[in-house]
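Report on the structure given below.
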Amino acid sequence: MNTSVNKTIDAHLYADSAPLVNNVFCQQSEHAIKLRSSNTSERIKTLVKFKRVFQKYTQSLIDAAKKDLNKPETETNISEIFPVIHEINHTVRHLKKWMKKKSVGSTLAMTGTKGSISYEPKGVCLIISPWNYPINLTFCPLISAIAAGNTAMIKPSELTPNLSKVISQIVNECFSSSEVAVFEGEVDIALALLDLPFDHIFFTGSPQVGSSVMSAAAKNLTSVTLELGGKSPTIIDHEVNLKKAVQKITWAKFSNNGQTCIAPDYVLVHESIVDDFLKEVRLQISNVYGECHEDIKNSKDYCRIVSVSHSKRLKELLDDAKSKKTKVICGGLIEEYDRFVPPTVVYGEDSDIFDSRLMKEEIFGPILPVISYNSIEEAIAIVNGYPKPLALYIYSKNKERINKVIQETSSGGICINHSVVQFLHNNLPFGGVNNSGIGSSHGIFGFKAFSHERAVLEDKFSITHWLFPPYKKRVRILVKMLIKYLS
Ligand code: NAD
């Protein structure tokens, strides 16, 4: 095992990182060729080894998440540790089937040939991950990359340094740098990496940075998977089990302090139940996190915002919303230097709320704007007025209105009568559309993201040579007959 690379990179954190990343890239390029012929059992062996090392570091990861995000142990277990173990187990269980060459039926023109699709590794892959779920969003793509037979260079976020350190330790213990290498550090490392001609880039982060990543990838015509964010709406119909809906929404919105890409960003509530909704949300917040500001601040189950600057940004969003005739229903007292933002619900009594920054930017924090609507058409029009979101939620007992929302909107995924849990379903693709992302991850979709679907065609006894020049009468008649037959 070669750990020297990661150590050297630490020492050169802010210096010129290009020679170091180049060096590892060259090592991985060589190794990637060997991995091309790796079989299912070899890849499974690597995944099982990774799982063993990952499990050994569980407590270190929990401690680091506490330091970086004040994240409760149980929340780390649910949202970070469990998804990684689940992804490994699911991949190990299905990899043989996924890797199998898929035969395809012949077409009339290709009679006498045998066609199939083989899944070949892309090669050397770059994984850039964000700070909000650093364990899960670094290791789940890595599991797919390994399953598909690739090498990987990883750049975790600089904003969760304790977690990045443990991620680096796990990788160093499990892999040589020619297989997988972690590059801790600031954006300059990401930029140095993006200069390299990777075979695939898997980026998770904001749409703004995603766009820069795609531009950099375009220079080398590198394929990308972009797992981005945006404003994920929630629609609450008047025919609904309000208590259950509010329980699920508050859990999804305030876990991890709202720093979840698929957290409900804003809620559209039918005007006939707005008062009941606001009452129920207030009750739910005080039941779960505490009745007053101090109780919530002392709650062991409530995270913190990742940095002072992110807390300041949230304060600015709230101040701006207040100036646009929005009413703070609960919370609102932001202590930015303690990175503490209480669960805050604001009600937009007036359409002015749409001019606020709160409704123009992805909130990515525990502030929940509530807006009323009077018909499902109006709710759909509001959703469609924004770029396509990563997730869309509808809470309703009415099948007709649910179907209308499904048909008349677009989003990465849609979840009916729940929030966020679609992430945990490994048989479903997880990803966005346009502004919220390109491509998808999880299970077979992650495996395919890191694989090239190669067309393999073998000639057995095809008749294509009957159409070769010189184009004598026989060929001309045959071509005409073929076209006539096909029309
Ligand atoms: P970010 O885009 O600021 O950073 C993500 C990663 O990119 C970090 O590792 C960072 O170091 C790196 N980076 C920053 N600037 C860069 C540049 N110019 N070039 C290359 N790399 C650069 O995102 P974030 O603040 O870490 O995460 C929050 C965003 O991520 C939100 O928009 C959220 O919705 C989104 N997100 C999406 C998903 C998903 O699965 N779709 C999951 C989590 C977060």
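The numbers here are math on the coordinates, done by the rules we state, and not lab data. What you see is a predicted model; the values in this text were computed from it and never measured. Glycine also receives a Cβ, built like all others from the backbone with ideal geometry; neighbour counts cover every protein chain displayed.
Summary table below
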item	result
Residue satisfying all of: in region 193-239; within 13 Å of the ligand (Cβ to nearest atom) and among the hydroxyl-bearing types (Ser, Thr, Tyr); surrounded by the fewest Cβ atoms within 10 Å (Cβ to Cβ) among these	Ser215
Output for region 44-94, where each listed residue is under 25 Å from Arg304 (Cα atoms), part of a helix (DSSP H, G or I) and polar (S, T, N, Q)	Thr58, Gln59, Ser60, Thr74, Thr76, Asn77, Ser79
Pick from region 104-135, criterion in a loop (DSSP other than H, G, I, E, B) and surrounded by 15 or more Cβ atoms within 10 Å (Cβ to Cβ), ranking: nearest to the ligand (Cβ to nearest atom)	Pro130
Matching helices (runs of 4 or more DSSP H) fully within region 290-409 where at least 1 residues are within 16 Å of the ligand (Cβ to nearest atom) and either more than 28 Å from the chain's Cα centre (by Cα) or free of Cβ contacts under 8 Å to residues at least 40 places away in the same chain (or both)	308-322
Index of the failed condition, Gly412 passing every other in (1) surrounded by fewer than 20 Cβ atoms within 10 Å (Cβ to Cβ); (2) over 30 Å from Asp319 (Cα atoms)	(1)
